[in-house]
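The values are calculated or read from the model by the stated rules, or taken from the named source; none is laboratory data. None of these values were measured; they are calculated from a predicted model. Heads up, the Cβs are rebuilt from the backbone with ideal geometry, glycines too, and the neighbour counts pull from every protein chain shown. SASA here: full protein model, heavy atoms, side chains in, ligands and nucleic acids out. Shrake-Rupley method; radii C 1.70, N 1.55, O 1.52, S 1.80 Å.
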Amino acid sequence: MKNLSRVAVLASSLIVLSPVAKAQQEASGAPTTLTLDQLVDRIAKGESALIARMRAFRPIVEVYIQNLAPDPKLGTVPTKDEYFLGQFDGKDGPDLIALSHNKGSFSPPGILSRPFSVQYLPAGFAAATVPDWRLLDTQRYEFALVRREFVGEARTIVMDIHPKGDSAEGFTGRIWVEDRDFNIVRFNGISRNIDQKVSSFFRKRLSFHVDSWRVNVKPGMWLPAYVYCEETELSDKPALPRMPRIKSQIRLWGYELKGISSQGEFTTIQLDAPTIQDSSEQARQLSPVMSQRRWEQQAEDNVIDRLIRAGLMAPAGRVDTVLETVLNNLMVTNGINLELPLKCRILLTSPLESFTVGHTIVMSRGLIDVLPDEASLAMVLGHELSHVVLGHQLIDTKFAFADRLMIPDSDLLSTFRFRHPTSEESAADTKVIQLLAKSPYKDKLGDAGLFLRAVAANAKALTNLIQPHMGDLIVAGGQSLAALMQKAPELAPEKLDQIAALPLGARLVVDPWTDRLDLIRTPTVPLASAREKVPLAVTPLMPYIRYAEPPARANPE
Ligand SMILES: [Zn+2]
């Protein structure tokens, strides 16, 4: 009887659809209101479709975890980090295939030093993309309507759900369901399916809370893109003395590239027109110098193309142009005229790194995210420019041979190394200071130095963020760019007006379908307290939700 009365209450608050959805429903002859059962049925169908889709797609999944320690002034400070780059594999339930060097699992804890450390299993993070990998229906779950709410552009129905009876398995929390096609846009809570996999050590004793978001990539298709995990209050029944306090970001992208149509590693054919047509030269035999340049260009193109196909680099886009403008400012003011023009490209991953592949300067998304201003961006680009100006070797021509790139995606990060010998690094650091001194950024170098100080101060704790995949260390042993660091003031974590570095995700947003990047255009807000400064830190992920196609014109309410 209890259940019946519950349904009756909910049935009286029938879900009234938005004008848009109403028009669509009327056109198809369906009722304009839904009962709770009908709504839950639509949600369950949407989830089944999404789970089927996740078996077919193999997106890139990046997991970054920061362990935190309480700090009296700053709230918490990161003390250690963990990183995992993988590819989603949903064939037999959610799992991740490693793309980064630490295969299979995160760096295992030192046996003597940290006997109670948690060892995370990548599969657990893959599972955090869906509230329940079985079924979200009225047989297994209680649903209760909370309210209507806008999430970005989407009108959503907010519901609280929990497993029926005393079932220990399943998701407990809140879901946001958009009212056009009834897809879950966001879920927030705890899943005891996840928890078994997230930590093999704690099993059911410790559960990780997740705030998980989907993005509408194509009309009717929503896919998991962002998951934020946070465990900062671990006083609930501590099972072991050394429970971690963590914040973690999971990002997914590369869906189009790693979709249903691209079955194998090498089956994608891009029929773009060649971008460079040097017709004047084609009739003639190339000189040895020209042949050598062409050969190096071929190696560069091979590497860039392979990184894009692996889903590790963004295709050429407008953010590249922003970097190229800053680079150009440096070159013009220093009177640098290069025989071959330089381009900029962006790696989609978080670890802070930059490197040069032939005449392409590459920066990681994570590095661009945390740079506090244009002067510090100029410093990073200027360092790479210095390698070019000083005539350092810019590309290993072994990559001019096609077979060198015929390796699985999982071997790419261990194959590609674009580092320079220490002597070249210090030469480039000396040169960049000369370049910056003549540049439009010459009066703001204190900020660039401050950024280096922030990185250096965190280099011991955040070894995974500050450990590059392929390129140069931003701060090599505290020696690099010492002159710039000396110009900078002391780091003052409590000072609100001193921004040494931004949190992760502060500048760029990745389209999880196309891998294209865009700048986040949000006005800077004045910080309320030092706790909000969080340089290089993991913060909650709150994507702006919009429909892949704009909603049909509706009368304003
Ligand atoms: Zn370098």
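Given the conditions (1) open to solvent by less than 60 Å² (accessible area, probe 1.4 Å); (2) in contact with a helix residue (DSSP H, G or I) (Cβ under 8 Å, 6 or more places away or on another chain); (3) away from the ligand (no atom under 16 Å from the Cβ), which single one is not true for K343?
(1)
Taking into account only those residues within the stretch 396-416 that are assigned to a loop (DSSP other than H, G, I, E, B) and hydrophobic (A, V, I, L, M, F, W, C), which is farthest from the ligand (Cβ to nearest atom)? Break it down stepwise before answering.
Keep residues of the stretch 396-416 that are assigned to a loop (DSSP other than H, G, I, E, B), which gives 396, 401, 406-408, 416.
With hydrophobic (A, V, I, L, M, F, W, C) added as a condition, the list becomes 401, 406-407, 416.
Working: F401: 25, M406: 28, I407: 25, F416: 15 Å.
In this case the residue turns out to be M406.
Quick one: which residue in Q393, Q434 is open to solvent by 10 Å² or more (accessible area, probe 1.4 Å), outside any helix (DSSP H, G or I) and either under 21 Å from P468 (Cβ atoms) or away from the ligand (no atom under 12 Å from the Cβ) (or both)?
Q393
Identify the single condition in (1) part of a loop (DSSP other than H, G, I, E, B); (2) within 16 Å of the ligand (Cβ to nearest atom); (3) free of Cβ contacts under 8 Å to residues at least 12 places away in the same chain that L352 does not satisfy, given that it satisfies every other one.
The number of the failed condition is (3).
Can you go through P440, P512, P468, P493 and tell me which one is in contact with a strand residue (DSSP E or B) (Cβ under 9 Å, 6 or more places away or on another chain), part of a loop (DSSP other than H, G, I, E, B) and surrounded by fewer than 17 Cβ atoms within 10 Å (Cβ to Cβ)? Write out each step before concluding.
Numbers: P440 fails: in contact with a strand residue (DSSP E or B) (Cβ under 9 Å, 6 or more places away or on another chain); P512 fails: surrounded by fewer than 17 Cβ atoms within 10 Å (Cβ to Cβ); P468 fails: surrounded by fewer than 17 Cβ atoms within 10 Å (Cβ to Cβ).
Only one candidate passes the filter, namely P493.
Between a first residue in the stretch 446-462 that is at pLDDT below 90 and a second residue that is part of a helix (DSSP H, G or I) and among the charged types (D, E, K, R), which pairs have beta carbons less than 7 Å apart while being 6 or more apart in sequence or on different chains?
Close Cβ pairs satisfying both conditions: G446/K487; G449/K487.
Could you tell me which numbered condition G311 fails, if it satisfies all but one of (1) within 16 Å of the ligand (Cβ to nearest atom); (2) among the small types (G, A, S); (3) open to solvent by less than 10 Å² (accessible area, probe 1.4 Å)?
(1)
Residues in the stretch 369-379 that are open to solvent by 10 Å² or more (accessible area, probe 1.4 Å) and assigned to a helix (DSSP H, G or I): how many?
Filtering the stretch 369-379 for residues open to solvent by 10 Å² or more (accessible area, probe 1.4 Å) gives 372-374, 377.
Still in the list and also assigned to a helix (DSSP H, G or I): 374, 377.
Looking only at that region, the number is 2.
Mind checking whether some residue in the stretch 208-231 is at pLDDT below 75 and either closer than 27 Å to K45 by Cβ or open to solvent by 10 Å² or more (accessible area, probe 1.4 Å) (or both)?
No, there is no match, as no residue in the stretch 208-231 is at pLDDT below 75 and either closer than 27 Å to K45 by Cβ or open to solvent by 10 Å² or more (accessible area, probe 1.4 Å) (or both).
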